[in-house]
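Enquirer: Have a look at the structure that comes next, please.
The values are calculated or read from the model by the stated rules, or taken from the named source; none is laboratory data. Everything quoted here is computed from the prediction, not taken from an experiment. Cβ placement follows ideal geometry from the backbone for every residue including glycine, while neighbour counts extend to all protein chains displayed.
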Amino acid sequence: MSIDTEVKMSLASPAAPGETPHRPRRRRRGRIVVSAVAYLITFVILFPLLWIVLLSFQTNDNILNRPFSLSDLTLANYQQALETLNLLVMYKNTLILAVVSVTIGLVISYMAAFALTRMIFRSGRRRTQTTLRFYFLAGLAIPVYILLFPVYRLDITFGLFGTYFALILPYIAVTIPFNILLLTGFLRDFPEEIEQAAVMDGVGLWRMAWKVVFPLMRPVVATLAILNVIYVWNEFPFAVTLINDPNMTTVSLGVSQFQGVYSVNYGAMMASATLVLLPQLAIYAAFQKQVIAGMTAGAVR
Amino acid sequence: MNWLTTRRHFALMVAPALIIYSLYMICPILYSLYYSFTNFDGVSAGGFAGLDNYRQMAQDDAFWTSMRNTGIILGIALFLLIPLGFLLAILLSGRVKGSGALRALVFAPAIIAPILVGLIWIFILDPKIGLVNAFLLAIGVPAHPQWIGGPTLSSYSIGFVYLWQQIGFVLTIFYAGLRMLPRDVMEASSLDGASRWQQLRHIQIPMLRETFGIVTALVVTGVFKVFELVYALTGGGPVHLSEVMVSYMYHITFTTQQYGYGMALAVVVFVVGALASAATFLDNRRKGEVR
Amino acid sequence: MATSPQSAPPTSRRPSGISRRLLLTATASALFVTATACGSAVNTADGSSSDGLITLSMHNPDSKTQDPATWQMVQEFNKQHPDMKIKLEGQPVDQHEQRMTIAAQSGTLPEIFWVYDSLAKTMVKSGDLLDLTPILAEDNLKAKFVPSMLAGFRSGNVQYGVPYQALVTGFYYNKAILDEHKIAVPETFDDLLAAVKKLKAAGVVPITQGANNSSFSVWAFLTMLDRFGYEAKYQDILSGRASYDSADFLRLYKHVEELAEAGAFPSNMNTQTYAQAVASYTSGKAAFLDAGVWEAAKIQKSGVGKDTGFWAGPTFSDGVGNQKLVMNVPSAPFVVSAKVKDDKKKYAAVKAFIQFYYSDAGQKILVDNAQPPVTTYKPSVDATKNPVFAAVLAEASKPGWTSPKAQPDLVVSAATASAMYDSFYGVMGGSLSPEEAVKNVQKTIKQVPAVTP
C-alpha cells in the first residue's frame, strides 16, 4: 500500500544467514557506556524537577536570596498551600472536566475519523474527506489566545457561562485536531478484511464503527485519552478566563493563587506545583505503556 | 472494500466534531480576521481601519523581533530537538537496563503545565539566583552570561527550554516508530556486517520517514504556539527583545488594549503557523503515499 | 445509496429518515448536554433573582494575604450588613484585566471591580459603567474627598470611579547600609548618583528593580518625569501639539542612563519580578527600593524594618518647574457596572459598600493595614509601632512639597503607558539609548489615539 511498506518487505525478505561471531567483551563495555550515557541524560532532564521539589521545602526568602542553602528546610509552604487551596474541590472539578471532555471528545473525534477514512461513497471519490481532514488539521496551528474572547461570547450566547460546559466545549474543540490526526493515521492502515467479514455478516454502520472497529483501536484511544487528560489538567488560559466561581476552580489555577500584584509567594507556588505534579506523574507512570503502545499501533503514521 | 455510505450517514458521523470544532476553533479565527480590520479597543466599538493594522505591523520593530525569535526557536526545534529526540529514542530503545522506566521519566517534562515549566526554569537560568550561573561560579568560570533577560541570549534559552519540555514527547513518537520496524531487517543487516551507523543511515532513518514527517509537523505547529515559556521566563523583556509571536500578540491585545492590532497579529500568527505546518504535511504526503 | 462526492458541507444538510438508533442516540446526547448545562447553570453572572449579593472583583487571587485591607473591609461590611453580601473574588492582575475586558464585551461585568483607569475610560465610552455622582451626593460623601482624588475618574459629567487606594511612591532606603558606607540620605540627583557609585564599589546593589512581568514598577522614575514638566505638557503631547521626544525629557533619560552606567541596577533586573526585587531589599541586599506605600507593612515586618526610611526621590538642578514633588495620588479606581441600577437590591448594596469604604471606620481599616486614607480622614499612626508607614506618611505631607494630580502613566492610554515603562526599563537595562527611548514613546503616542475624557 505504500512505498515504505514495499521497502520494508524487500529489506525484510532475505533470510538470516548463520550466526557470525562477535567480540562479546567490547560489546559489553559498549553497553555499559551506553547505559551510563542514558542514565546521565535522564538525570539531566529530570534535574529541574528535582530542583523544584527541593525549593518547595525552602522559605520564600531563601528561594529568592539563598537558593543553595539547604539549612532550614520547612514544610510551611505545603501547609500554606493546603490552607489556601481547596485541593479536594480543585481535583474534583478537574476530574469532572477531564472525564467529560475527554470522553465526548474522543467519541466524536472517532466518529469523524471513521467517516473520514473508512466510509466511501459509491462514486469512489474521496475529495470531501481529504478536504475535511485538512480542515480539521488546520486547528493544530491555532494558538488558544485567539480563542478567548470569541469563546467567552459563545458561552454567554449559549447560556453556558458558569457551567462546566463553558470549559468542556472549548476543551473538546482544541483536542479534536490532534485526535483526528492520530485516529485517521491509524484507521487508514486498518486491515480491510475485518470489515469485509463483518459486512458479510450483515453488520450495520453503527455496529461496525463501535462493535467491530472501535475495540481494535484501544491502544490509540488510550494514548489519546492520556494526552487529552494531560492537556485538560494543565489548561490555564481558558480556565482563568471562564471560571468565576471559587467552587469551580481547577488545579491548573492553583499555582497562580500565590501571585498577587505586589507579592509573589514562590515557596507556596513551588509546593502547590509539586502537589499538582505528583498525581500527574503517577497517572502517567501507570499508563505510559499504553501511550507508547498506542503510538506504536500505527498512530504515528 | 471499505464501508459504502450515503451522504446522510457520513454527515451524521462527522457532524458532532465538525460543529464543535467549527464553532469553537474556526469561528474565532473569522472573528479575529474581522476585528483585525478595525481599531476596536476591546470594549467599545471601534471604527473600520482597513489595512492600517497590517501596515502598522510592517513598521513595528517589536513584531519583526518576535518573528525572528520564533524563527530561532523553530531552528532549535528542527535542528536540535528532532535529531536529539531521535537519538535518545534509539538510545533508550535498546539494551539499556530499565529503559522503560527511563522513557517514562524523560517524558515527565511534557506533562507539566507550560506555565510551570517557565517558572521552574527561572530558578535555573536567572543570571543571579539561577542554578547554571551558580554552577559556573562554583567551578571557577568567570563569565556569567545573562541566559535570560539579556539582550541576546533569551530566545536561545527559551528554545532550549522548549527542547527540554518536548524531548520526551518526540522521543516517544520515535520510539513507537522504531518499534514498528521489522526486527529481522536490523538483525539481517548486522549479520551482513553493517555498522551501527550504516544501519541508522540506510535502514532506520529512511524507514522512519513518515514518523519524521509527523514529528516535524507537530513540532512546527507547537513552536508557533509557544507562549507560556516566554511569559513566565522573561515576560517578553527586556523591552520586547525576547517576545515571540504569540506573546507579543498577547501583550498588544491585553496589556495595551489594541484589540484590532492584536487580532491582526493573531491572524498572521495563524497564517504563518498554518503555512509552515501545511508545508511539512504536504512534503510528508509527497514523500509518503496518499490515501 | 448513490451519492455525489461533491456533497454540500455535511452540516448544512438536515438528515431526514435516518436510522432510528442514530436518531435516538443523537437526541439522547443532545438532551444530556442541555440538561447538564442548565442543571449547573446556577451562578450565571446575570441571574436576575436578586438577593443583595454583589461581587467585588479584584486584581489579587488571594486577597486575604495579598490585599488584607480590602479583605478586612469586605469581612467587616458583611458583618455589619446581614441583609447584603459581598463576594470577594480575584485573579492575577493580567488575567483580571483580560477578564474584565471580555466581560465588558458581553455585558457580564461584576457589580464592583478594580480596573486600571485606561480600561475604565474605554468602558465609560461604551456606557458599561455606572455614574456614581448620585451616590457621592448622598450625605455629602463627596465632601470627604480632596477634589483631586476624584477628578481623575471623571469623564464629562460622569463620575465613573472612586479611588481604591492611594499611591504614595518613591524610594525606600536602608539607613544601616547608607550609614555603613558613610552616605547621607540623598536629596538631589547628584547625591543619588554619588551614592550609587559608592554602593556599587562596595558590592551592594544600589537600587533594586524588577522588570519581569512587572514593567510598571518604575514609580520613582514616573515622579521624575513630573520633575521635568510632564504634568503641564502631557495634554499637548497627547493632542500632538508637543512631542514626548523633547529636550527636557531627553535630559531625564540621560540621567537614568548615567545611573545605569554607574551600576545602579541589579544584573538580573530583567528576569526578576517586582516581588523578587522587594525580597532582595527586605533581605538587606539592596540599598534602595523603588516602590510605594503598599510595601510598608511588609518591610516593617522584615529584617530591615527598623532601618528603613522613605524618600520622594531626587530633585534635579536641570529639571523643569517645581522640583519639590512627592507622588501622592489616587491609584486605579473602583468602578461599578452600569447594570447595577436596574436592580434595587444590588444598587443598595453597592451604595452601602461605597459609603462604608469611605466612612472614617472604613478608612481606619485602610490605615490599620498600612494604607494611607484616600479621604480627608486624619489617621493617628503610632510612629513607634509602625515607623516605616509613618515615614511614608511624613514624606507625603512634607511642608512645602506638593503632589502632582495624577501619576503620569495613569493619564494616557494603556499602550502609551506600556511604552513609557519600556522606555525606562530599556534605558536602565541598556537595551535602549535615551534618544531611542523617547522616540519609541512618541511613536506609540502617534499610533494610538489618545483616550481623553
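Enquirer: Filter the range B:247-258 down to residues that are at the interface with chain C (Cβ under 8 Å from one of its Cβ atoms) and not β-branched (Val, Ile, Thr) and give me whichever is nearest to B:Asn39 (Cα to Cα).
Expert: So the residue we want is B:Gln258.
Enquirer: Right, here's the next one. Say whether the condition of being in a helix (DSSP H, G or I) and within 11 Å of chain A (Cβ to nearest Cβ) is met by at least one residue in the range B:147-157. Walk me through how you get there before you give the answer.
Expert: From the range B:147-157, those in a helix (DSSP H, G or I) are B:154-157; that's our starting set.
Retained after the next criterion (residues that are within 11 Å of chain A (Cβ to nearest Cβ)): none.
No, every residue in the range B:147-157 fails to be in a helix (DSSP H, G or I) and within 11 Å of chain A (Cβ to nearest Cβ).
Enquirer: Does C:Pro82 satisfy being without any contact (Cβ under 8 Å) to a residue 12 or more places away in the chain, over 24 Å from C:Val411 (Cα atoms) and in a loop (DSSP other than H, G, I, E, B)? Spell out how you get there, then give the answer.
Expert: Working: without any contact (Cβ under 8 Å) to a residue 12 or more places away in the chain: yes; over 24 Å from C:Val411 (Cα atoms): yes; in a loop (DSSP other than H, G, I, E, B): yes.
Answer is yes for this residue.
Enquirer: Would you confirm whether any residue within the range C:394-402 is surrounded by 17 or more Cβ atoms within 10 Å (Cβ to Cβ), farther than 17 Å from C:Lys79 by Cα and in the same structural domain as C:Gly321 (by TED's automatic domain parsing)? Let's see the steps before the verdict.
Expert: In the first step, residues of the range C:394-402 are kept if they are surrounded by 17 or more Cβ atoms within 10 Å (Cβ to Cβ); the result is C:395-396.
Restricting the remaining residues to those that are farther than 17 Å from C:Lys79 by Cα gives C:395-396.
So of that shortlist, the ones also in the same structural domain as C:Gly321 (by TED's automatic domain parsing) come out as C:395-396.
Yes, the range C:394-402 contains at least one residue that is surrounded by 17 or more Cβ atoms within 10 Å (Cβ to Cβ), farther than 17 Å from C:Lys79 by Cα and in the same structural domain as C:Gly321 (by TED's automatic domain parsing).
Enquirer: Name the helices (runs of 4 or more DSSP H) wholly within the range C:289-401 that hold at least 1 residues that are within 14 Å of another protein chain (Cβ to nearest Cβ) and either hydroxyl-bearing (Ser, Thr, Tyr) or touching a residue at least 60 places away in the same chain (Cβ under 8 Å) (or both)?
Expert: On the way: elements: C:296-301, C:344-357, C:360-368, C:387-396.
Fully inside the range C:289-401 and qualifying: C:296-301.
Enquirer: I'd like to check which helices (runs of 4 or more DSSP H) are fully inside the range B:1-120 and have at least 3 residues that are within 14 Å of chain C (Cβ to nearest Cβ) and out of contact with any strand residue (DSSP E or B) (no Cβ under 7 Å at 6 or more places or on another chain). Working first, answer last.
Expert: On the way: elements: B:7-21, B:27-35, B:52-58, B:61-76, B:82-91, B:99-107.
It comes to B:7-21, B:27-35, B:52-58, B:61-76.
Enquirer: Tell me whether the range B:30-47 contains one or more residues that are modelled with pLDDT of 90 or more, touching a Phe, Trp or Tyr at 6+ places or on another chain (Cβ under 7 Å), within 27 Å of C:Ala103 (Cα to Cα) and crowded, with 18+ Cβ neighbours inside 10 Å.
Expert: yes
Enquirer: Right, another one. Step by step: first the residues of the range B:255-269, then only those that are hydrophobic (A, V, I, L, M, F, W, C) and surrounded by fewer than 24 Cβ atoms within 10 Å (Cβ to Cβ), then the one that is farthest from B:Ile73 (Cα to Cα). Which residue is that?
Expert: Initial filter on the range B:255-269 (hydrophobic (A, V, I, L, M, F, W, C)): B:263-269.
Going one step further and asking which of them are surrounded by fewer than 24 Cβ atoms within 10 Å (Cβ to Cβ), we end up with B:267-268.
Details: B:Val267: 20, B:Val268: 17 Å.
So, considering only residues that are hydrophobic (A, V, I, L, M, F, W, C) and surrounded by fewer than 24 Cβ atoms within 10 Å (Cβ to Cβ), the one farthest from B:Ile73 (Cα to Cα) is B:Val267.
Enquirer: Another one. Looking only at residues in the range C:55-92 that are within 10 Å of chain A (Cβ to nearest Cβ) and among the basic types (Lys, Arg), which one is nearest to C:Thr273 (Cα to Cα)?
Expert: So the residue we want is C:Lys64.
Enquirer: Within the range A:54-74, restricting attention to residues that are away from chain C (no Cβ under 11 Å) and hydroxyl-bearing (Ser, Thr, Tyr), which residue is nearest to the chain's Cα centre (by Cα)?
Expert: Result: A:Ser56.
Enquirer: Here is a further query. Answer yes or no: is there a residue in the range B:102-111 that is more than 14 Å from B:Trp164 (Cα to Cα) and out of contact with any helix residue (DSSP H, G or I) (no Cβ under 7 Å at 6 or more places or on another chain).
Expert: No, the conditions are met nowhere in the range B:102-111.
This table checks each residue for (1) closer than 27 Å to A:Leu253 by Cβ; (2) of a type in the set (Val, Ile, Thr); (3) at pLDDT below 90.
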site	(1), (2), (3)
C:Gly90	yes, no, yes
C:Gln98	yes, no, yes
C:Phe113	yes, no, no
C:Ser126	no, no, yes
C:Leu130	no, no, no
C:Gly152	no, no, yes
C:Tyr173	no, no, no
C:Lys182	no, no, no
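Enquirer: Still on this structure: Looking only at the range C:202-242, which residues are part of a strand (DSSP E or B) and either surrounded by fewer than 19 Cβ atoms within 10 Å (Cβ to Cβ) or polar (S, T, N, Q) (or both)?
Expert: Of the residues in the range C:202-242, the ones part of a strand (DSSP E or B) are C:205-208, C:228.
Correct list: C:Thr208 only.
Enquirer: Somewhere in the range C:228-246, is a residue at pLDDT 90 or above, farther than 19 Å from C:Val93 by Cβ and within 12 Å of chain B (Cβ to nearest Cβ)?
Expert: No, because not a single residue in the range C:228-246 is at pLDDT 90 or above, farther than 19 Å from C:Val93 by Cβ and within 12 Å of chain B (Cβ to nearest Cβ).
Enquirer: Sticking with this structure for a sec: Check every one of the helices (runs of 4 or more DSSP H) wholly within the range A:192-301 and list those with 1 or more residues that are within 11 Å of chain C (Cβ to nearest Cβ). Break it down stepwise before answering.
Expert: Numbers: elements: A:192-200, A:218-234, A:237-242, A:251-254, A:266-294.
Answer list for the range A:192-301: A:237-242, A:251-254, A:266-294.
Enquirer: Also: Collect the residues in the range A:236-262 that are of a type in the set (A, V, I, L, M, F, W, C) and touching a residue at least 24 places away in the same chain (Cβ under 8 Å), keeping them in residue-number order.
Expert: The first filter runs over the range A:236-262 and keeps only residues of a type in the set (A, V, I, L, M, F, W, C), leaving A:236, A:238-240, A:242-243, A:248, A:251, A:253, A:255, A:258, A:261.
Selection gives A:Phe238, A:Ala239, A:Leu242, A:Ile243, A:Met248, A:Val251, A:Leu253, A:Phe258.
Enquirer: If you go through the range B:122-141, how many residues are under 20 Å from A:Met269 (Cβ atoms) and not in a loop (DSSP other than H, G, I, E, B)?
Expert: As a first pass, look at the range B:122-141 and keep what is under 20 Å from A:Met269 (Cβ atoms): B:122-126, B:128-131.
Subset that is not in a loop (DSSP other than H, G, I, E, B): B:122-125, B:131.
So the count comes out to 5.
Enquirer: Just name the residue that is surrounded by the most Cβ atoms within 10 Å (Cβ to Cβ) out of those in the range A:129-152 that are over 23 Å from the mean Cα position of the chain (by Cα) and within 8 Å of chain B (Cβ to nearest Cβ). Steps first, please.
Expert: Filtering the range A:129-152 down to residues over 23 Å from the mean Cα position of the chain (by Cα) leaves A:129-132, A:149-150, A:152.
Those left that are additionally within 8 Å of chain B (Cβ to nearest Cβ): A:132, A:149-150.
Numbers: A:Leu132: 20, A:Phe149: 25, A:Pro150: 22.
Checking each candidate, the answer is A:Phe149.
Enquirer: In addition: Please count how many residues of the range C:248-287 are under 21 Å from C:Ala202 (Cβ atoms) and among the charged types (D, E, K, R).
Expert: The qualifying residues number 3.
Enquirer: Which condition from (1) closer than 30 Å to B:Ile252 by Cα; (2) among the β-branched types (Val, Ile, Thr); (3) modelled with pLDDT under 90 is the one that C:Val146 breaks?
Expert: It fails just one condition, (1).
Enquirer: May I pose another question? Report, by residue number, each residue of the range C:93-126 that is among the hydroxyl-bearing types (Ser, Thr, Tyr) and either in a helix (DSSP H, G or I) or more than 7 Å from chain B (Cβ to nearest Cβ) (or both).
Expert: First pass over the range C:93-126, keeping only residues among the hydroxyl-bearing types (Ser, Thr, Tyr): C:101, C:106, C:108, C:116, C:118, C:122, C:126.
The answer is C:Thr101, C:Ser106, C:Thr108, C:Tyr116, C:Ser118, C:Thr122.
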